[in-house]
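The values are calculated or read from the model by the stated rules, or taken from the named source; none is laboratory data. No experiment lies behind these values; they were computed from the predicted model shown. Don't worry about glycine lacking a Cβ; one is built from the backbone with ideal geometry, like all the others, and counts go over all protein chains shown.
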Amino acid sequence: MTKSKNLLLLFVLICISSCLWNDTAITEDLGDKYFYLGAGNESQILSGDEKKNIGITIIPQEVIEYNFDNRFIIAKSVAKRNSNNVQEFWIVDKKSKDLIVTDSISFMKKIESLGLKIRLKPRK
(Lines give C-alpha, C1' and ligand atoms only; values in the text may rest on other atoms or scores of the structure.)
Protein backbone atom coordinates (compact mmCIF):
# COMPACT_ATOMS: atom_id res chain seq x y z
CA MET A 1 0.00 0.00 0.00
CA THR A 2 2.83 2.40 0.81
CA LYS A 3 4.48 1.82 -2.55
CA SER A 4 1.28 2.67 -4.43
CA LYS A 5 0.81 5.83 -2.34
CA ASN A 6 4.37 6.88 -3.11
CA LEU A 7 3.84 6.29 -6.83
CA LEU A 8 0.61 8.28 -6.74
CA LEU A 9 2.32 11.12 -4.88
CA LEU A 10 5.18 11.12 -7.38
CA PHE A 11 2.73 11.21 -10.29
CA VAL A 12 0.82 14.14 -8.78
CA LEU A 13 4.04 16.07 -8.14
CA ILE A 14 5.20 15.54 -11.72
CA CYS A 15 1.85 16.75 -13.06
CA ILE A 16 1.87 19.84 -10.87
CA SER A 17 5.46 20.74 -11.68
CA SER A 18 4.90 20.34 -15.41
CA CYS A 19 2.01 22.80 -15.19
CA LEU A 20 4.06 25.31 -13.21
CA TRP A 21 7.11 25.32 -15.47
CA ASN A 22 5.46 24.80 -18.82
CA ASP A 23 4.12 28.33 -19.11
CA THR A 24 4.27 29.25 -22.77
CA ALA A 25 2.61 32.64 -22.42
CA ILE A 26 3.44 35.15 -25.12
CA THR A 27 3.21 38.83 -24.29
CA GLU A 28 3.60 41.89 -26.48
CA ASP A 29 3.72 45.47 -25.27
CA LEU A 30 1.11 47.49 -27.17
CA GLY A 31 2.03 50.80 -25.54
CA ASP A 32 0.35 52.95 -22.88
CA LYS A 33 0.18 50.01 -20.43
CA TYR A 34 -1.76 47.80 -22.84
CA PHE A 35 -0.45 44.35 -23.71
CA TYR A 36 -1.37 41.22 -25.61
CA LEU A 37 -1.31 38.00 -23.61
CA GLY A 38 -1.46 34.69 -25.43
CA ALA A 39 -1.30 31.50 -23.43
CA GLY A 40 -2.36 28.22 -25.01
CA ASN A 41 -5.80 28.65 -26.51
CA GLU A 42 -6.50 31.79 -24.47
CA SER A 43 -5.49 35.13 -25.86
CA GLN A 44 -6.65 38.56 -24.80
CA ILE A 45 -5.65 42.20 -24.60
CA LEU A 46 -5.24 43.72 -21.17
CA SER A 47 -4.42 47.01 -19.52
CA GLY A 48 -2.02 46.68 -16.62
CA ASP A 49 1.43 45.32 -15.81
CA GLU A 50 2.86 43.27 -18.69
CA LYS A 51 5.92 42.17 -16.71
CA LYS A 52 3.69 40.51 -14.09
CA ASN A 53 1.10 39.34 -16.67
CA ILE A 54 -1.68 40.97 -14.69
CA GLY A 55 -4.25 43.53 -15.69
CA ILE A 56 -7.83 44.26 -16.56
CA THR A 57 -9.15 42.48 -19.63
CA ILE A 58 -10.00 45.03 -22.30
CA ILE A 59 -10.58 42.62 -25.20
CA PRO A 60 -11.63 39.18 -23.96
CA GLN A 61 -10.50 35.85 -25.30
CA GLU A 62 -10.15 34.65 -27.89
CA VAL A 63 -8.26 37.34 -29.79
CA ILE A 64 -7.38 35.83 -33.16
CA GLU A 65 -6.06 38.93 -34.95
CA TYR A 66 -4.78 42.28 -33.74
CA ASN A 67 -2.51 45.20 -34.51
CA PHE A 68 -1.63 48.57 -33.02
CA ASP A 69 0.03 51.90 -33.57
CA ASN A 70 0.93 54.74 -31.23
CA ARG A 71 -2.74 55.64 -30.62
CA PHE A 72 -5.01 52.70 -31.47
CA ILE A 73 -5.34 48.97 -30.94
CA ILE A 74 -7.53 47.01 -33.33
CA ALA A 75 -8.55 43.41 -32.82
CA LYS A 76 -10.81 40.61 -33.94
CA SER A 77 -12.04 38.10 -31.39
CA VAL A 78 -14.18 35.00 -31.43
CA ALA A 79 -16.52 34.34 -28.55
CA LYS A 80 -18.49 31.15 -27.96
CA ARG A 81 -22.13 31.98 -27.27
CA ASN A 82 -24.89 29.42 -27.18
CA SER A 83 -22.73 26.96 -29.15
CA ASN A 84 -22.14 29.59 -31.86
CA ASN A 85 -18.87 31.34 -32.64
CA VAL A 86 -19.48 35.09 -32.68
CA GLN A 87 -16.88 37.37 -34.26
CA GLU A 88 -16.40 40.79 -32.70
CA PHE A 89 -14.23 43.64 -33.92
CA TRP A 90 -12.63 46.08 -31.51
CA ILE A 91 -11.04 49.51 -31.66
CA VAL A 92 -9.31 50.88 -28.56
CA ASP A 93 -8.21 54.51 -28.42
CA LYS A 94 -5.26 54.31 -26.03
CA LYS A 95 -5.27 58.07 -25.35
CA SER A 96 -8.98 58.63 -24.61
CA LYS A 97 -9.58 55.05 -23.35
CA ASP A 98 -12.60 54.77 -25.68
CA LEU A 99 -13.57 51.24 -26.67
CA ILE A 100 -15.67 50.35 -29.71
CA VAL A 101 -17.07 46.85 -30.27
CA THR A 102 -18.74 46.27 -33.60
CA ASP A 103 -19.38 44.01 -36.59
CA SER A 104 -17.00 43.65 -39.53
CA ILE A 105 -18.69 46.18 -41.84
CA SER A 106 -18.91 48.93 -39.20
CA PHE A 107 -15.33 48.12 -38.16
CA MET A 108 -14.00 48.70 -41.68
CA LYS A 109 -15.97 51.95 -41.99
CA LYS A 110 -14.64 53.19 -38.64
CA ILE A 111 -11.05 52.26 -39.56
CA GLU A 112 -11.44 54.28 -42.75
CA SER A 113 -13.07 57.28 -41.02
CA LEU A 114 -10.24 57.37 -38.45
CA GLY A 115 -7.67 57.23 -41.25
CA LEU A 116 -5.93 54.23 -39.70
CA LYS A 117 -3.18 52.64 -41.77
CA ILE A 118 -2.87 49.55 -39.58
CA ARG A 119 -4.61 46.30 -40.55
CA LEU A 120 -5.39 43.18 -38.58
CA LYS A 121 -2.65 40.55 -38.39
CA PRO A 122 -2.84 36.98 -37.04
CA ARG A 123 -1.97 36.68 -33.37
CA LYS A 124 1.42 35.44 -32.29
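Might you let me know whether segment 96-111 holds any residue that is of a type in the set (Phe, Trp, Tyr) and in contact with a Phe, Trp or Tyr (Cβ under 8 Å, 6 or more places away or on another chain)?
Within segment 96-111 (the criterion being of a type in the set (Phe, Trp, Tyr) and in contact with a Phe, Trp or Tyr (Cβ under 8 Å, 6 or more places away or on another chain)), the answer is yes, since at least one residue qualifies.
Give, as residue ranges, the strands (runs of 3 or more DSSP E) completely inside segment 56-102 that count at least 2 residues that are at negative phi and surrounded by 20 or more Cβ atoms within 10 Å (Cβ to Cβ).
63-68, 72-81, 84-93
Output the number of the condition that VAL86 fails; it satisfies all remaining conditions of (1) closer than 23 Å to LYS110 by Cβ; (2) touching a residue at least 40 places away in the same chain (Cβ under 8 Å); (3) among the aliphatic types (A, V, I, L, M).
All conditions pass for VAL86, except number (2).
If you take the residues of segment 1-55 that are among the small types (Gly, Ala, Ser) and assigned to a loop (DSSP other than H, G, I, E, B), which of them is modelled with the lowest pLDDT?
Filtering first and then ranking leaves GLY40.
Just checking, does segment 33-49 include any residue being on the phi > 0 side of the Ramachandran plot and of a type in the set (Asp, Glu)?
Within segment 33-49, none of the residues are on the phi > 0 side of the Ramachandran plot and of a type in the set (Asp, Glu).
Out of (1) loosely packed, with under 15 Cβ neighbours inside 10 Å; (2) farther than 26 Å from ARG81 by Cα; (3) not basic (Lys, Arg), what's the single condition that is false for GLY48?
(1)
Of the residues that make up segment 27-41, is at least one hydroxyl-bearing (Ser, Thr, Tyr), crowded, with 19+ Cβ neighbours inside 10 Å and closer than 20 Å to SER104 by Cα?
No; the residues of segment 27-41 include none that is hydroxyl-bearing (Ser, Thr, Tyr), crowded, with 19+ Cβ neighbours inside 10 Å and closer than 20 Å to SER104 by Cα.
Among (1) in contact with a Leu (Cβ under 8 Å, 6 or more places away or on another chain); (2) at negative phi, which single condition is ASN53 missing?
Result: ASN53 fails condition (2) only.
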